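The values are calculated or read from the model by the stated rules, or taken from the named source; none is laboratory data. Because the structure is predicted, anything quoted here is derived from the model rather than measured. Note that each Cβ is placed from the backbone with ideal geometry, even for glycine, and that neighbours are counted across all protein chains shown. Surface areas here come from the heavy atoms of the whole protein model, side chains and all, with no ligands, DNA or RNA. Shrake-Rupley method; radii C 1.70, N 1.55, O 1.52, S 1.80 Å.
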Amino acid sequence: MHVSSYGIFDLNIFYKLFYVLMNNLTRFAVPFFIIISGMVLSYKYANNGINYISFIKKRISFIFIPYLFFVLIYYYFFHIARGESFSVINFLKYIISGYVAPHLYFIPLIFQFYILFPIFISIAKYLNSKKLLTNLVVFIIFGIISIYSVCYLHILSWGFPLMITQAYFFLFGCILGLNIRKFKNEFFNDKENLIRILILWSILAVYIILDGLYLKTFKFYNDFHFYFYYFGITGYSILLFILLFKLSNYIHNKKIFNIILKIGQYSFGIYLIHYLFVRYDLFIRGIYQLLKGVLNNNFLKFLNNSIINLNIQYYNSVSYFILYFIFVLILSYISTYLFTELKIKIKKHRRTLL
């Protein structure tokens, strides 16, 4: 999604529309992560109980501390290297909000769900014992609260990613985690259910595509339009998750599944680092600022200008978008892999010294 979002500016109309459509169709990314988080936590802790203090400590150690490191990295490359003076207050604001870079808001967002997980799992267990109609009513209420908070309370401008805007995704994941075996054994074996979901998802996908074309053509946007768009993205994301969940069962014993698992092992690191490569122009500029007194200035200037010119010259190309996506994915994977291996070797070395 971030690869496509970087390409919607300063392009001719055809390629601008292409990038807008790709950006709209990949807006399932954040809902996917939230649904998966709720599903995994619910499946793991629903019947085994939860030591709340240990639960939070583990997430601080494995998620929040790496997040702090990358807040510092992005603060330098995206702000300090561009002329902004260092400010402790701004740095703390970036830690709290995640808005130091476009993607890091997800960590403060997901931590709210971690903190409130006992409440969510209690609601999920209650709904799990009720009929489908009760579940639908609760999800509609969550949706209305979310839209009201965005449209009328303007919650997105508060400077902090409050979880109310995504709460129903996490709740859906929790309910799914409670019924994972039933879902796999009964629901997926009913071909009529899958066909209905595929048809409905296709309709929503077409709506999202037309919505992107409409906005860029007429540039008309109001609260009423937002209601449909928000519910459309919600349904599109949930239905696509169900379809891909089914697909994962189908390819479970295929080679491609092992490749996906390999990438998945480093998914958190890829998530943290990938935007450095999405905005490689800022990354190179930041390195230039760091090393301009050490290495040859002319070489660094040449490298910086060449990359920026390459970006301007070839961004009006679908093939460039594909290569750009592969470039970001490969560099993010390699960087995360090398960092993980280095961390493992350091730990082994420390053990040998003890």
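Quick rundown of the values:
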{"quantity": "Solvent exposure, largest accessible area first (probe 1.4 Å, DNA, RNA and ligands not counted), of L162, L132", "calculated": "L132, L162"}
{"quantity": "Residue order for V137, V328 - accessible surface, 1.4 angstrom probe, largest first", "calculated": "V137, V328"}
{"quantity": "Theoretical gain in end-to-end length, L261 to K44 [0.36 nm per residue, Cα-Cα removed]", "calculated": "76.2 nm"}
{"quantity": "Binned Cα-Cα distance frequencies in segment 88-172 - 10 Å width, integer %", "calculated": "17, 40, 30, 11, 2, 0"}
{"quantity": "With DNA, RNA and ligands ignored, accessible area of F91 (1.4 Å probe; Å², nearest 10)", "calculated": "40"}
{"quantity": "Protein-only accessible surface order, largest first, of L104, L338 at 1.4 Å", "calculated": "L338, L104"}
{"quantity": "Contact order normalised by residue count of segment 25-145, Cα under 8 Å, 6+ apart, percent", "calculated": "23"}
{"quantity": "Cβ-Cβ FRET estimate between I145 and L210, R0 fixed at 41 Å, reported to 0.05", "calculated": "0.90"}
{"quantity": "Kirkwood-type radius of segment 19-110, with distances r between different C-alpha atoms, in Å", "calculated": "15.5"}
